[in-house]
Amino acid sequence: MRLARHTIIAHAHCDLPCGVYDPAQARIEAESVKAIMEKYQQNDDPVFRTRALIIKEQRAELVKHHLWVLWTDYFKPAHFEKYPQLHDLFNRATKAAGAAGGKGSIDPAQGQQLLDLIAEIDKIFWATKQAS
């Protein structure tokens, strides 16, 4: 019986079937960060502003989480070879979401910078999806 068994070797480029990774998750949270920054600027109520800051910080942390998942789980060595700017791009994007940007700023221009960086990642992401 053991001789009749076949061994199947499977190869995958991601941890789960394709379709589970998408920069859209980071983008949606970053859009929230920017929108909260804009609402914060338009409102002088200290209670509102405090709540806005708390929510903005939570959303910025989610941006970082979604970016890290893409960086560490989706993108593979071959992607980094083809797109050598990816490591720097992810580093700048996560910093833009962190204390240097989304979490540490209330300037909507910082929120837009974060969105611009995510758009660059998105473009490369979809290029890798079409190549696979």
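The values are calculated or read from the model by the stated rules, or taken from the named source; none is laboratory data. Values in this document were obtained by computation on a predicted structure and should not be read as measured data. Backbone-built Cβ (ideal geometry, glycine too); neighbour counts: all protein chains shown. What goes into the accessible areas is simple: the full protein's heavy atoms, side chains included, and nothing from ligands, DNA or RNA. Shrake-Rupley method; radii C 1.70, N 1.55, O 1.52, S 1.80 Å.
Surface listing: Val33, Val20, Val47 arranged by accessible area from highest to lowest gives Val47, Val20, Val33, probe 1.4 Å. Placing +1 on the Cβ of every Lys and Arg and -1 on the Cβ of every Asp and Glu, with no other charges, gives segment 52-132 a dipole of roughly 80 debye about its Cα centre. Shown are Trp126, Trp71, whose ranking by accessible area with a 1.4 Å probe and every protein chain present, most to least, is Trp126, Trp71.
The residues Leu89, Leu62, sorted by heavy-atom accessible surface at 1.4 Å with ligands and nucleic acids left out, run Leu62, Leu89 from largest to smallest.
Dipole of segment 49-115 computed with +1 at Lys/Arg Cβ and -1 at Asp/Glu Cβ about the Cα centre; of Pro108, Trp68, Leu89, farthest Cα towards the positive end is Pro108. Charge tally for Pro108 (other residues, Cβ to Cβ under 13 Å; Lys, Arg +1; Asp, Glu -1): -1.
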